[in-house]
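Some notes on the structure that comes next.
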Ligand SMILES: [Fe+2]
Ligand SMILES: [Fe+2]
C-alpha cells in the first residue's frame, strides 16, 4: 500500500515525507464472494417513527473530517497517540523491563500503528457491510438510515487512514483473524447476519477500544478522532438495537439459535485471537512474546473490557438463550449485561461535544492572537 489513493489524498506532502513502506504488500485488493438478494420496499410511508427520527439525526449530524479536526497539530511519529506505558500489552514482561526509553517508544508506535490499522480495515468492513444492508434490508426506513451510516463509515475510514498515513507513517496489513470475521459477516446473504457480525460484534469491540484511546491517550488529535467516531457509532448501535429488536422475535427458535452460535463463536475468536503477533515479530521478539501477552493478567482484563459494549446489546436484541449466557459467563463478561446503554451513548455524545468546545476555544484564541 502506498501513501494515498484517489480522493483520500488530502495532503500528500506530509504523508510522503514520513511514510514507512516496509509493510507494503503487493496485494492492494481483497475480493470476498458476497451473495445477496436485493429487496425493494414500496411501502414508502410505513416507516417506524423511531427509525425515521434516527435517520433525521444521522443526516443532521454529518461532519467533515478535514474541518472538524485540527490536522495541523504536530504529532510525534516516534510516540503517536501517547498511551501510558501501563496500557501497553507488553508492560511488565521481561522484554519491557529491559527496554530503554527509545525501545519502549518504538513498541508503542508499532502497537498503535497495528491497532489503528485494524480500526481502519474494520471501518472499511463496516462501510461495505452497511452499503450491503441498504441493498438487502427489507424496510425502507432501515434503508434510509443505513444510507446515512454509509457516509459515516466512509468518514471513519478516511480519518483513521489520514492519521495513520500522515501522523504515524506506518500501516499494518489486515490481521488474518479480522479478515476471517469480515469474510463471515460480509459473505452471509442474510442482512441481519451482516448487521450482527459487523455492527454489533466487530464494531462493538472496536467501540470499547476507541473509548480507551479517547479517555487515556495524551495526544489530542487521536483523542478527538476517537471521540467523534464514537459519537457516530452511538447512532449505529441504536440502529442495530431498533432493527434487530423488532426482527429477532419474528424468527423461529432454530433461527435464533443459529445466530447465538454465531455470536458465541465470534466472541471467542475476538477474545482469543487478537494478540498483535505481527507487532512482536517486527520488534524482533521471540514467539514467547505472544504467549506472554495471552497469559498476561493486565491484557486479559483489557480483553474482558472490550466486551462492555457488546454484551448489553446482545441482551437487548433478544439473543439471550442459555448458550450465549453460558459463554459470556465463561468469559467473565456477563455482568456487562447490566450496562445502561442509553447512559453510555449520552456519555459518548457529551464527550464529542466537549472536544468541539475545546476546538472552538482554540480557534477563537488563535484568531484573537492574530487580531492582536
Ligand atoms: Fe465506524
Ligand atoms: Fe459504525
Quiz item: Using the per-residue mean of other Cβ atoms lying within 10 Å as a proxy for protection, in what order, highest first, do the peptides 136-144, 235-243 fall?
Solution: 235-243, 136-144
Self-check item: GNM top mover of 203, 166, 353 - the chain, alpha-carbon springs below 10 Å
Solution: 353
Self-check item: Isotropically averaged projected area of the range 207-262, using the convex hull of Cα atoms (one quarter of hull area), nm²
Solution: 4.7
Quiz item: At each listed q (0.11, 0.24, 0.26 Å⁻¹), what is the log10 of I(q)/I(0) that the Debye formula gives for the range 102-182 modelled as equal alpha-carbon point scatterers?
Solution: -0.37, -1.05, -1.13
Self-check item: Along principal axes, Cα extents of the range 182-314, largest first, whole Å
Solution: 51, 34, 25
Exercise. Starting from the eigenvalues of the Cα gyration tensor, five times each then square-rooted, give me the equivalent ellipsoid semi-axes of the chain, largest first, whole Å.
Key: 33, 26, 20
Practice problem: Rank by packing, highest mean first: peptides 277-286, 38-47, 66-75, 190-199, with packing defined as the count of other Cβ atoms within 10 Å averaged across residues. | Solution: 190-199, 277-286, 66-75, 38-47
Practice problem: Can you check what the Kirkwood hydrodynamic radius comes to for the range 158-237, Cα pairs only, in Å to one decimal? | Solution: 14.0
Quiz item: How large is log10 I(q)/I(0) at q = 0.12, 0.13, 0.14 Å⁻¹ when the Debye formula is applied to the Cα atoms of the range 243-336, each weighted equally and without solvent?
Solution: -0.47, -0.54, -0.60
Quiz item: When all alpha-carbon pairs of the range 43-124 are counted, what percent fall beyond 15 Å?
Solution: 73
Quiz item: So what are the three principal axis dimensions of the range 266-310 from its Cα atoms, in whole Å, longest to shortest?
Solution: 34, 20, 13
Exercise. Calculate the radius of gyration of the Cα atoms of the range 130-176 to one decimal place, then report Dmax, the largest Cα-Cα distance, as a whole number, both in Å.
Key: 14.7, 42
Quiz item: For the peptides 302-314, 51-63, what is the packing order when you average, over each peptide's residues, the other Cβ atoms within 10 Å and list the highest mean first?
Solution: 302-314, 51-63
Self-check item: Rh by Kirkwood over Cα pairs, then Stokes-Einstein D for the range 292-372 at 1.306 mPa s and 10 °C, µm²/s
Solution: 100
Self-check item: Helix-derived mean residue ellipticity, 222 nm - over the chain, DSSP H n ≥ 4, -39500 (n - 2.57), to 500
Solution: -20500 deg cm²/dmol
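Throughout, read-outs are computed from the coordinates displayed, never taken from laboratory work. These figures come from a predicted structure and were not determined experimentally. No Cβ is skipped: glycine too gets one built from the backbone with ideal geometry, and neighbour counts run over all protein chains shown.
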